[in-house]
Amino acid sequence: MNRLLAYSAALLLSLGTAITQAADALPASPTQGVEGNPRPRICLVLSGGGARGAAHVGVLKVLEEYRVPIHCIAGTSMGSLVGTAYATGTSIEEIEKTLKGISTELLFKEEPPRREQTMRRKRDDYTILFTPEVGLQDGQVKIGKGLVTGVQLETVLRQLSKAKGYHQFDQLPIPFRAVATDLVTGKAVIFSEGELANVMRASMSVPGAVAPAEFNGMLLVDGMLTSNLPVQTAREMGADVIIAVNVGTPLLKREQLNSIFGVSGQMLSILTEQNVQASLASLKPTDILISPELGDFSTGDFDNLPQIAPLGEVAARKMSASLQRLSIPPAEYAALRQRQLVSVQPDQRVVDEVRFEKLQRVNPAVAKAALETKAGEPLDQSKLDSDMRRLYGTGDFEHVNYRLSDEQDKRVLTVDAVEKAWGPDYLRFGLGLSSDFSGDAFFNLLGSYRKTWLNEQGAEWRTDVQLGHTSGIYSEFYQPLSAGSPFFVAPHVALERSTADLYQGDDRVASYQVSSGLAGFDVGSEFNRYGELRLGVIGGVLEPELDTGPQILSPGEERIQAGAFTGRLRLDQLDSVYFPRSGWRSEVNLLDSQGSLGADEEYAYWTADGTGVVSFGDHTFNFYARAADKLGNNPLPRYENFQWGGFLQQSGYSTGQLLGESLQFGRVMYYHRIMSGTLLEGAYGGVSLEAGRIGNPLVAGNSEDWLKSSSVFIGTDSPIGPLYLGYGRAEDGNSSFYFYLGRPF
């Protein structure tokens with residue numbers, strides 16, 4: 001009996017010791033915190049996972065509900081984005097509001113708002129070009145380092161962070177660390193200071209999708225490759241207890257590995273999963289792991305962030321017992337959050353100098369002229385963000401960033417504009433197709449070669465070669481008069497061969513081939529990003545010839561000398577050319593053919609057109625008008641008559657069926673977005689009502705009455721350009737189906 005009592009006593013003693021040790025190992029309870037028994041330092045670790053990282057917001061919401069104090073945060077990729085927002089004093093409500101406004105297009109559509117682009121870049125939108133540009137350098141073809149550069153991504157990241165500019169991350173309301181990967185050494189880079197938007201962007205630069213970020217001489221990509229769940233980083237920040245949130249990067253199934261993109265993505269996921277498993281193995285019994293069940297939501301589901309976030313909340317509640325042991329009293333937690341929600345005030349001091357460094361081709365004076373941020377003015381963050389997008393939109397840079405520094409009692413804004421490694425010569429291609437399903441089908445292939453920065457004023461030489469229904473070569477040398485000047489001169493040449501049809505009523509009676517060789521010289525000015533005015537002179541020769549039809553319809557002379565003064569005013573503030581939803585555009589052209597310039601015939605004409613667009617939600621109304629007529633009493637030669645007709649240009653008639661000396665036309669289009677796009681504009685369904693007339697038609701007997709038409713269509717923005725399928729019908733019974741690849745109007 002005594003031996004049994006002794007054994008029982010020893011067992012109880014051992015059990016008591018074990019209980020005591022286990023209690024010491026547990027996180028501090030709400031009753032702890034008295035002197036000599038401090039509460040633990042709790043660090044939140046947020047993993048990468050692309051759009052799946054929105055679940056981090058749901059976790060934060062539960063942590064606040066349970067009054068769990070967060071003393072430090074370490075994050076990778078999307079985890080760094082959410083972590084930065086929270087660490088800089090952004091409330092859960094503000095983060096949720098921002099998530100609702102984020103989309104794939106917002107994050108990754110790189111072009112600046114179209115209204116802010118230069119007129120020379122806007123001009124490309126009216127062609128059939130659709131491919132990304134590739135570089136030509138020393139006879140080699142070069143491409144960019146990623147599908148996107150991250151310029152637009154950084155703009156969104158700056159909106160998320162309440163701390164603008166350069167900071168020591170230990171001085172933020174909640175100390176913070178972000179993880180990236182050095183692409184050269186393959187090692188993790190832990191950021192403890194820097195410009196927060198730049199740091200987040202570096203941490204989120206998925207290889208192949210987003211171009212690497214350059215930082216202090218390093219080439220940085222997504223931190224998921226080395227430390228997707230940065231537990232060790234949190235330990236180094238002094239964490240006693242870690243709350244790790246792993247949103248994961250799930251591996252694809254075998255049947256999904258059917259393309260190079262699937263295989264490449266799987267390789268990244270495998271690398272990521274290996275370092276995640278190492279981090280999970282390092283967690284202690286006192287740490288807490290939260291693993292949201294995110295189902296089929298992928299890393300690229302940025303259009304569904306508000307649906308992903310609540311899944312993090314569900315996962316966190318499953319760990320309520322462990323989390324509530326870390327809870328602190330309401331008054332103490334409220335005081336802590338009040339201190340952490342204090343926004344870091346942005347430094348809006350006057351900028352004394354704006355500086356561009358390491359530019360080899362682009363003239364810094366020209367780059368400065370593109371900025372609205374000027375030396376001697378207080379810093380405006382929204383204006384500076386627009387400047388970065390606009391500078392990127394010039395087409396000269398692969399990445400644009402900035403930093404602020406104090407040097408000898410002056411504040412310096414340094415713009416780190418990285419010139420395209422694949423420039424300065426660029427090549428693009430285009431394709432256009434159309435058919436009315438009644439025998440008329442046209443196609444055009446286009447190649448465009450652009451040489452930039454031929455001198456310090458920013459001269460550009462562009463040559464386009466087109467083959468198809470209209471074949472030709474067009475070349476222009478654009479020379480600004482000085483660096484950053486809106487004034488320019490532009491000599492140009494064009495060799496072209498096109499086909500024109502002649503109709504009598506609904507019957508095609510003749511077809512012509514028109515060859516031309518023209519050279520000209522323009523002087524002009526750009527009105528910032530709003531428009532362009534050109535005045536010029538052209539000369540050359542035209543050679544019209546009858547291709548099919550009776551000889552009586554032959555144009556007669558084999559060679560026609562041309563010489564004329566020209567003028568063009570173009571204004572463009574549309575938000576899009578393919579499916580505009582707001583804005584306006586107008587253009588006026590004048591031509592005065594003069595014998596004094598060598599022309600065989602003297603005549604003059606004008607053309608004018610305009611577009612205005614307004615939207616209400618997904619509903620859009622597009623108003624368009626066009627007019628053209630001769631000037632003076634001299635008749636227009638046959639080859640200068642105005643040709644009209646076709647889809648949305650008097651729908652129901654064949655393309656080019658209407659021909660005469662004057663034109664009046666008006667159109668009202670309504671279209672409705674039936675499918676949202678990501679990087680593209682989506683799909684639309686629409687109708688149009690049209691009215692027009694041709695005055696003094698070239699073929700006697702053709703109608704001069706007002707013609708009324710309508711159409712129905714669907715259109716979508718595709719990777720090879722806009723696609724349209726439509727049906728048009730005129731009041732007099734003419735009707736036609738239409739298919740277009742490329743802009744039809």
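On a full-extension model of 0.36 nm per residue, what is the gain between GLU377 and TYR474, subtracting their alpha-carbon distance, rounded to one decimal in nm? Contour length minus Cα-Cα distance gives 30.5 nm. Over the residues of the chain, the helix contribution to mean residue ellipticity at 222 nm works out to -6500 deg cm²/dmol, using -39500 (n - 2.57) for each DSSP H run of at least 4. Taken about its Cα centre, segment 455-521 carries a charge dipole of roughly 120 debye when the Cβ of each Lys and Arg holds +1 and the Cβ of each Asp and Glu holds -1.
The value of relative contact order for segment 351-395, using C-alpha pairs under 8 Å at least six residues apart, is 41 percent. Could you tell me which residue out of SER709, MET669, GLY685 lies farthest along the dipole of segment 655-745 toward its positive end? Charges go on the beta carbon: Lys and Arg +1, Asp and Glu -1, centred on the Cα centre. The listed residue farthest towards the positive side: GLY685. In a simple Cβ point-charge model (Lys, Arg +1; Asp, Glu -1; nothing else charged), the chain has a dipole of about 2720 debye relative to its Cα centre.
Straight distance only, please: which aspartates and glutamates reach the Cα of LYS410 with their own Cα at less than 12 Å, same-chain residues fewer than 8 apart left out? Straight-line reach from LYS410, under 12 Å: ASP352, GLU353.
Here segment 395-485 is treated as a Stokes sphere of Kirkwood radius computed over C-alpha pairs; at 25 °C and 0.890 mPa s its diffusion coefficient rounds to 146 µm²/s.
Relative contact order of the chain: what whole-number percent is it, with Cα pairs under 8 angstrom and at least 6 residues apart?
Numbers: 1829 pairs, mean separation 82.3, N = 745.
11 percent.
Given the chain, what whole percent of its Cα pairs are spread farther than 41 Å? Distances greater than 41 Å cover 45 percent of the Cα pairs. Legend: helices of the chain (whole DSSP H runs) are marked when their alpha-carbon atoms reach 18 angstrom or more along the helix axis and their mean Kyte-Doolittle hydropathy is at least 0.0; marked are 2-25, 260-281, 305-317.
For segment 270-325, what does the alpha-carbon gyration tensor say about shape, rounded, prolate or oblate, given a ≥ b ≥ c as the root eigenvalues, a/c under 1.5 as rounded, and a/b over b/c as prolate?
Values: a/c = 3.60, a/b = 1.19, b/c = 3.03.
Oblate is the answer for segment 270-325, as a/c is 1.5 or above yet b/c matches or exceeds a/b.
Step through the table entries LYS97/LYS187; LYS187/LYS383; LYS97/LYS383; LYS122/LYS420; LYS187/LYS368; LYS142/LYS358, compare each Cα-Cα distance with 29 Å, and write down the pairs that go over it. Display every interim value, and only then the final one.
On the way: LYS97/LYS187 35 Å; LYS187/LYS383 36 Å; LYS97/LYS383 22 Å; LYS122/LYS420 20 Å; LYS187/LYS368 36 Å; LYS142/LYS358 21 Å.
In this structure, LYS97/LYS187; LYS187/LYS383; LYS187/LYS368 lie more than 29 Å apart at Cα.
Stretched out straight at 0.36 nm per residue, the stretch from GLU602 to GLN348 would grow longer than its current Cα-Cα span by 85.2 nm.
Going by a ≥ b ≥ c, the root eigenvalues of the Cα gyration tensor, does segment 292-449 fall in the rounded group (a/c under 1.5), the prolate group (a/b larger than b/c) or the oblate group? Since a/c reaches 1.5 but b/c is at least a/b, the shape of segment 292-449 is classed as oblate.
Kindly identify segment 432-585 as rounded, prolate or oblate by the Cα gyration tensor criterion: order the square roots of the eigenvalues as a ≥ b ≥ c, call it rounded if a/c is under 1.5, otherwise compare a/b with b/c, prolate if a/b is larger, else oblate. Before the final figure, lay out each step's value.
Working: a/c = 2.23, a/b = 1.60, b/c = 1.40.
Cα axes put segment 432-585 in the prolate bin.
Given 0.36 nm per residue, what is the gain on full extension from GLN338 to ASP629 after removing their alpha carbon distance, in nm?
Values: separation 291, 0.36 × 291 = 104.76 nm, distance 7.06 nm.
Fully extending the segment from GLN338 to ASP629 adds 97.7 nm.
Going through segment 525-594, which GluC sites (Glu not before Pro) have at most 14 other Cβ atoms within 10 Å and a DSSP loop state? Can you show the working numbers first?
Values: sites: GLU526, GLU532, GLU545, GLU557, GLU558, GLU587; in loops: GLU557, GLU558.
Those satisfying the criteria are GLU557, GLU558.
Nonpolar atom fraction for the chain, defined as the carbon and sulfur part of the 1.4 Å probe accessible area, stands at 57 percent. Accessible surface calculations at 1.4 Å, restricted to protein heavy atoms, place the chain at 45 Å² per residue.
The values are calculated or read from the model by the stated rules, or taken from the named source; none is laboratory data. Just so it is clear, the model here is predicted, and its values are computed rather than measured. Don't worry about glycine lacking a Cβ; one is built from the backbone with ideal geometry, like all the others, and counts go over all protein chains shown. Only protein heavy atoms, including side chains, enter the accessible area calculation; ligands, DNA and RNA are left aside. Shrake-Rupley method; radii C 1.70, N 1.55, O 1.52, S 1.80 Å.
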